[in-house]
1. Determine whether the stretch B:135-144 contains at least one residue that is in a loop (DSSP other than H, G, I, E, B), at the interface with chain A (Cβ under 9 Å from one of its Cβ atoms), in contact (Cβ under 8 Å) with a residue 12 or more places away in the chain and buried (at least 21 other Cβ atoms within 10 Å of the Cβ).
2. Give the residue that is farthest from A:Arg183 (Cα to Cα), with candidates limited to residues of the stretch B:110-122 that are touching a Lys or Arg at 6+ places or on another chain (Cβ under 8 Å) and assigned to a strand (DSSP E or B).
3. Looking at this structure, is A:Gly147 within 20 Å of the chain's Cα centre (by Cα) and either within 12 Å of another protein chain (Cβ to nearest Cβ) or buried (at least 18 other Cβ atoms within 10 Å of the Cβ) (or both)?
4. What is the one condition in (1) at pLDDT 95 or above; (2) not in a strand (DSSP E or B) that A:Thr7 does not satisfy?
5. I need the full set of residues from the stretch B:162-190 which are among the aliphatic types (A, V, I, L, M) and either under 16 Å from B:Tyr210 (Cβ atoms) or out of contact with any Pro (no Cβ under 6 Å at 6 or more places or on another chain) (or both), in order please.
6. Hey, can you tell me all the residues within the stretch A:151-169 that are buried (at least 18 other Cβ atoms within 10 Å of the Cβ) and either charged (D, E, K, R) or touching a Phe, Trp or Tyr at 6+ places or on another chain (Cβ under 8 Å) (or both)?
7. Out of the residues in the stretch B:172-219 meeting the condition of being of a type in the set (A, V, I, L, M, F, W, C), more than 9 Å from chain A (Cβ to nearest Cβ) and buried (at least 18 other Cβ atoms within 10 Å of the Cβ), tell me which one is nearest to the chain's Cα centre (by Cα).
8. When the residues of the stretch B:157-171 are filtered to those that are within 11 Å of chain A (Cβ to nearest Cβ) and under 19 Å from the mean Cα position of the chain (by Cα), which remaining residue is farthest from B:Asp138 (Cα to Cα)?
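The values are calculated or read from the model by the stated rules, or taken from the named source; none is laboratory data. Since the model is a prediction, treat every value here as computed from it, not as a measurement. Glycine gets a Cβ as well: all are built from the backbone with ideal geometry, and neighbour counts include every protein chain shown.
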Amino acid sequence: MTDHSKTRRSLGRNGNRRSKFTLLLVWMIFQALWPLMAQENPALRGGLRVLVTPDGGDLDPFLEARTEFPGTEGLLGFSALTAGAYYRFHPNLKGGLFYRLQFGALHNADWIKNGSGEWVWADTLGRPESVLIADLSPRFLLDFLPGRNWVFFLKNRYELNLYNGDQALYIRPGLTYTAFRYRRPLYGLGIHYAAGIGLNFGEHLIYTHQIYADGLYHLSDRFKLQMQLSWNRHNYAGVYMGSPFRFAERFIKAEFAAILIPEL
Amino acid sequence: MHRKIGAMLLFLLILLGTLSAVQASIDFVDGRVDIRRGGSILAADFGMDLVAGDVIITGEDGLAIISLADRGSIKVQPDTTLSLNSLDSDVEVELQSGAVFSRLERLNGGSYRLRAGTAFAGVRGTEFYTAYGKTIEDLPDVWLCVNEGVVDVSLQNGAAVSVAAGEGINILSGRDITPPQFFAWTRDLNWNMDPSAGEVLDDTDLETLYNDPLDFDYD
């Protein structure tokens, strides 16, 4: 006896509703982001990220390699290796401690004049920087919203750069929706805003703004693919050999990530 | 003539034996296990006979193995409520909460039916696991995995499926049946019902089968 017909019909109706809802969500995200992205004629950058985060229950180790390709501005790129772990203190609260080794980061002090007197970025590609990171992120399920599987995140991250002593705080509220099929996650869509606050440097209260949308495809419990499209604004200010400067750098970045979750 | 009568009597005796009630009893008990019989609660004990209508209630640390005479056994996991609706030739049990392992060997023409919420699982000789999962929508999910034989599952809304050995299904909120498939976690199920052969408790935590959207954090 095998009669899936009723089951299929019922699940099919759910699938149609989910597809329409997802299309509406993508359209809304696009509508929200496009004006911001288009108005300032930003540069374009690309990024790749590989994350290995074994499933350790409440304690999830975290090992990430990421690189940023030279953009249309001709920058040399940025790369980083991050190691640490997240701990789930409570279903609604995760915290993490990480160490990051990065190359190619650009700070206010790296905006210099070359021999011809032109303002350029210093070549920091070969300069290692160590960064200590503490992360505390509450999250809440907004299951009263249509589709039920909505999560509001508030990612709070403190970073201490041991190379120059810069301390920064990143605050990132975000909303994600995960579509499930047979109780398994199928894909997720999210929209986030991140503000970077320089605690002991810079002239701006918020020195970076980032608005981004991401899509996460759950190929399996152990392997996921993520695409992130972000609009970014970095504010720089300082003085180089008596010449003050103050400017904003704007770029759109597309980043692809492969996420592996081996079983411990 | 006498031989014919003798053969008929023998046939009738076998038939009567087949149709008679199944002798159910407690084969093994560990931790707190109660039997609700009528309006009273009895503490379960080894060898205790069970009758139709009895409800087996295991505590957090309780486990019981029920013998259905030569027909098979049912292992009742901790935190489970199982009622023995019928112990006639056709055995019917109802899983009200928790999890059970069913092993049916010789049904002698009878049948074994397990009810869990809106779902009915019918077998004619097999080994399978049934357990309530999380309540995501209105009703709890029901997981069913087959170790041997085939289990026919039907729902009150008419949906039906046959689950073969090595396959499992999840009945979503009592309404939809997922396609039968192999679930890796079923490799770790403890099918053992013989305490002398080793541990009988199964420590599967079905909560871990559910992905929590609050846990999806990859940056």
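1. No, the stretch B:135-144 contains no residue that is in a loop (DSSP other than H, G, I, E, B), at the interface with chain A (Cβ under 9 Å from one of its Cβ atoms), in contact (Cβ under 8 Å) with a residue 12 or more places away in the chain and buried (at least 21 other Cβ atoms within 10 Å of the Cβ).
2. Start the filter on the stretch B:110-122 by keeping residues that are touching a Lys or Arg at 6+ places or on another chain (Cβ under 8 Å), which leaves B:110-112, B:118, B:120-122.
After this cut, where a residue has to be assigned to a strand (DSSP E or B) as well, the list is B:112, B:120-122.
Details: B:Tyr112: 29, B:Phe120: 21, B:Ala121: 21, B:Gly122: 25 Å.
Among those residues, the one meeting the criterion is B:Tyr112.
3. Working: within 20 Å of the chain's Cα centre (by Cα): no; either within 12 Å of another protein chain (Cβ to nearest Cβ) or buried (at least 18 other Cβ atoms within 10 Å of the Cβ) (or both): yes.
No.
4. Among (1) at pLDDT 95 or above; (2) not in a strand (DSSP E or B), A:Thr7 violates only (1).
5. Residues of the stretch B:162-190 among the aliphatic types (A, V, I, L, M): B:163-165, B:169, B:171-172, B:177, B:184, B:189.
Result: B:Ala164, B:Ala165, B:Ile169, B:Ile171, B:Leu172, B:Ile177, B:Ala184, B:Leu189.
6. Going residue by residue through the stretch A:151-169, those that are buried (at least 18 other Cβ atoms within 10 Å of the Cβ) are A:151, A:153, A:155, A:157, A:159, A:161, A:166, A:168.
Scanning the stretch A:151-169 gives A:Val151, A:Lys155, A:Arg157, A:Glu159, A:Asp166, A:Ala168.
7. This residue is B:Met193.
8. Filtering the stretch B:157-171 down to residues within 11 Å of chain A (Cβ to nearest Cβ) leaves B:157-164, B:169-171.
Next cut, under 19 Å from the mean Cα position of the chain (by Cα) only: B:160-164, B:169-171.
Values: B:Ala160: 20, B:Val161: 22, B:Ser162: 25, B:Val163: 24, B:Ala164: 28, B:Ile169: 19, B:Asn170: 15, B:Ile171: 12 Å.
Among those that are within 11 Å of chain A (Cβ to nearest Cβ) and under 19 Å from the mean Cα position of the chain (by Cα), it is B:Ala164.
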